[in-house]
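J.: Take a look at the following structure, please.
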Amino acid sequence: RRAFYIGRFQPFHLGHHKVISEISKNVDELVIGIGSAQDSHTPENPFTAGERIMMISRGLKDLALQYYVIPISDVYRNAIWVSHVKSMTPPFSSVYSNNPLVSRLFNEAGYAVLYSPMYNRTEYSGTEIRRRMLSGEEWKHLVPEEVVDVIDEIKGIERLKEVAMKGD
Ligand code: ATP
Ligand code: MG
C-alpha cells in the first residue's frame, strides 16, 4: 500500500511528524508532497522546496518508513490539481488529509481519503511557529531537533525576519 500526504511544511514540525508516524503504521510507502513548492522568501512561505526536503528527510530519520518527498508547485486551478499531483508522484492508492479542499478534490477523482487527526494544534502549527520565530519566543521544542539544525544552517530566522519586515 502506497499513500499520499501533502503539506507546505513551513517549517516541518512535530504535528507533521506525529501524523506521518501514525500513517506509517498503516502503509508500506508514503509519498509526501511539498505544496506551494515554488514559493520561498515570503512571511507565509519562508523556506525553499529544497530546504523543506532537508527538514523532512532529516526529521523522519527515526521512522522505519520508505517515503518519497516530491515538490508540487501551485497550478491555481483546483479542477486539474489532482492530475497535476499525479503527474509528479509515484502512484498511490489512498490519501491522508484533514484539509477539506484536498479531500474533496481527491474524492471527486475517485480516491479513498482517510482523515488524519490534529495533534496539539495550538502549538504544532506552522503559523504559530513562524509567529514565535518573529517575536523571539521559544519555538525549537515544536520541531524535530534536525529541523532546528537545518534552520540554523540556512539562517532561517534572519531570513524570516527580513522578509516579514514591512517596507518603509
Ligand atoms: P500553516 O499554519 O503554515 O498552514 P500547518 O501547521 O497547518 O502550517 P501545513 O504544512 O499547512 O502545516 O500542514 C500540512 C498538513 O498537516 C495539513 O493538512 C495540516 O492540517 C496538517 N497538520 C498541520 N499541523 C498538524 C498537527 N498539529 N496535527 C496534525 N496534522 C497537522
Ligand atoms: Mg496549514
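All of the numbers you see were taken from the coordinates with simple rules; none came from a lab. If you're wondering where the values come from, they're calculated on a predicted model, not measured in any experiment. In this analysis, Cβ positions are derived from the backbone assuming ideal geometry, glycine residues included, and neighbour counts consider all displayed protein chains.
J.: Given (1) more than 15 Å from ligand 1 (Cβ to nearest atom); (2) surrounded by fewer than 14 Cβ atoms within 10 Å (Cβ to Cβ); (3) closer than 26 Å to ILE154 by Cα, where does ALA79 come up short, assuming only one miss?
T.: So the condition that ALA79 fails would be (3).
J.: I need every pair where a residue in segment 1-17 that is on the phi < 0 side of the Ramachandran plot and of a type in the set (S, T, N, Q) has its Cβ under 8 Å from the Cβ of a residue that is near ligand 1 (Cβ under 7 Å from one of its atoms) and in a loop (DSSP other than H, G, I, E, B), sequence separation at least 6 or different chains.
T.: Close Cβ pairs satisfying both conditions: GLN10/GLU44.
J.: Right, something else. Quick check on segment 129-152: of everything there that is touching a residue at least 12 places away in the same chain (Cβ under 8 Å) and acidic (Asp, Glu), which residue is surrounded by the fewest Cβ atoms within 10 Å (Cβ to Cβ)? Steps first, please.
T.: Taking segment 129-152 first, the residues touching a residue at least 12 places away in the same chain (Cβ under 8 Å) are 129-130, 133-134, 142-144, 146-147, 149-151.
Then drop every residue that is not acidic (Asp, Glu), which leaves 146, 149.
Values: GLU146: 18, ASP149: 14.
Per the stated criteria, the residue is ASP149.
J.: So SER36 passes all but one of these: (1) within 11 Å of ligand 1 (Cβ to nearest atom); (2) in a loop (DSSP other than H, G, I, E, B); (3) touching a residue at least 40 places away in the same chain (Cβ under 8 Å); (4) among the hydroxyl-bearing types (Ser, Thr, Tyr). Which condition number does it fail?
T.: Here SER36 clears every test but (3).
J.: Suppose we keep only residues that are within 15 Å of the chain's Cα centre (by Cα) and under 11 Å from PRO11 (Cβ atoms) within segment 128-145. Which one would you say is farthest from ligand 1 (Cβ to nearest atom)? Steps first, answer last, please.
T.: Looking only at segment 128-145, we keep the residues that are within 15 Å of the chain's Cα centre (by Cα), and these are 128-130, 142-144.
Next, from what is left, pick out any that are under 11 Å from PRO11 (Cβ atoms): 129-130, 142-144.
On the way: ILE129: 8, ARG130: 7, LEU142: 9, VAL143: 11, PRO144: 13 Å.
Across segment 128-145, the extreme among qualifying residues is PRO144.
J.: Right, next: Those residues that are in a helix (DSSP H, G or I) and either without any contact (Cβ under 8 Å) to a residue 24 or more places away in the chain or touching an Asp or Glu at 6+ places or on another chain (Cβ under 7 Å) (or both), I need them from segment 89-107; list them, please. Please lay out each step first, then the result.
T.: Restricting attention to segment 89-107, the residues satisfying the condition of being in a helix (DSSP H, G or I) are 100-107.
PRO100, LEU101, SER103, ARG104, ASN107 - these are the residues of segment 89-107 that are in a helix (DSSP H, G or I) and either without any contact (Cβ under 8 Å) to a residue 24 or more places away in the chain or touching an Asp or Glu at 6+ places or on another chain (Cβ under 7 Å) (or both).
J.: Still on this structure, I have one more. Quick test of your reading of the structure: GLY110 fulfils all but one of (1) out of contact with any Asp or Glu (no Cβ under 9 Å at 6 or more places or on another chain); (2) surrounded by 16 or more Cβ atoms within 10 Å (Cβ to Cβ); (3) among the small types (Gly, Ala, Ser). Name the failing condition by number.
T.: That leaves (2) as the condition not met.
J.: Among the helices (runs of 4 or more DSSP H) confined wholly to segment 114-168, which include 3 or more residues that are more than 20 Å from PRO43 (Cβ to Cβ)? Walk me through it before giving the result.
T.: Details: elements: 126-135, 145-153, 156-164.
Filter on segment 114-168 gives 145-153.
Here's the yes/no breakdown for (1) acidic (Asp, Glu); (2) under 19 Å from PRO90 (Cβ atoms); (3) within 14 Å of ligand 2 (Cβ to nearest atom):
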residue	(1), (2), (3)
LEU14	no, no, no
ILE34	no, yes, yes
ASP39	yes, no, yes
THR42	no, no, no
ASN45	no, no, yes
SER57	no, yes, no
LEU60	no, yes, no
GLN66	no, yes, no
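J.: Of all residues in segment 66-108, count the ones that are within 21 Å of ASP28 (Cα to Cα) and either of a type in the set (A, V, I, L, M) or in contact with a His (Cβ under 6 Å, 6 or more places away or on another chain) (or both).
T.: Residues flagged as within 21 Å of ASP28 (Cα to Cα) and either of a type in the set (A, V, I, L, M) or in contact with a His (Cβ under 6 Å, 6 or more places away or on another chain) (or both) within segment 66-108 amount to 5.
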